[in-house]
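Heads up: the structure comes next, in structure tokens.
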Amino acid sequence: MTSLYIWLKFFHIFGIAVFLMGHGVSAGTSLALRGRPLDPMSRTLLRLSIRSQAIVWPALGLIVVTGVWMGFAGSWWRTGWIWTSIAIFVAVLIVMGALSVPYHGARAVKEDAVADSPLARSRPMALLLTGVVALIALLFLMVVKPF
């Protein structure tokens, strides 16, 4: 008989896989948009990035729900690694949200507007580095549970 905790872990990892697939689209488009003018191709890539969010946010919700549930099911709330994981998760949400502002600004520019491209202020490598370092740290904390 498989325990509830194993099923929660399965859905947690499934949520991570779906999140990374969907978010990879945004990451790829941010690299492709680096230094580009706000032209029809850039707008197409921005729309693709927006559409990928349809699976990113539900997957992130699944990750959070199963993570919290496993925290209770495994009695992890009195350990330091889970609180460190939560702090990293919140910090990454804030940092990546701030770094993605130019992309949101580019999405808001009207089709016929003549303006400097908000994409010129984008920092896709900072976004990529933030995400990769956070993912490695979170994986380490969840697998090793060092404290």
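A few points about this structure:
- Answer residue from the stretch 87-101, given it is buried (at least 16 other Cβ atoms within 10 Å of the Cβ) and aliphatic (A, V, I, L, M) and is farthest from R123 (Cα to Cα) among those: I88
- In the stretch 2-15, the residues that are within 18 Å of I55 (Cα to Cα) and touching a residue at least 12 places away in the same chain (Cβ under 8 Å) reach residues that are part of a helix (DSSP H, G or I) and of a type in the set (A, V, I, L, M, F, W, C) with C-beta atoms within less than 7 angstrom, at least six apart or across chains, in these pairs: F11/L62; H12/I63; H12/M70; G15/A59; G15/L62; G15/I63.
- Scanning the stretch 109-143 for residues that are surrounded by 13 or more Cβ atoms within 10 Å (Cβ to Cβ), of a type in the set (V, I, T) and at pLDDT 65 or above returns a single hit, T130.
- Look at the stretch 66-95: where a residue is farther than 17 Å from G15 by Cβ and a partner is in a helix (DSSP H, G or I) and β-branched (V, I, T), sitting 6+ places away or on another chain with Cβ atoms under 7 Å, you get W76/I82; V95/T130.
- Residue that is nearest to G28 (Cα to Cα) [pool: residues in the stretch 41-79 that are surrounded by fewer than 12 Cβ atoms within 10 Å (Cβ to Cβ) and among the small types (G, A, S)]: A54
- So G28, is it among the small types (G, A, S) and touching a residue at least 12 places away in the same chain (Cβ under 8 Å): no
- Tallying residues that are in contact with a Lys or Arg (Cβ under 9 Å, 6 or more places away or on another chain) and hydrophobic (A, V, I, L, M, F, W, C) within the stretch 26-64 yields 3.
The values are calculated or read from the model by the stated rules, or taken from the named source; none is laboratory data. Being a predicted model, the structure only gives us computed values, none of them experimental. Positions of Cβ are backbone-derived with ideal geometry, glycine not excepted, and every protein chain shown enters the neighbour counts.
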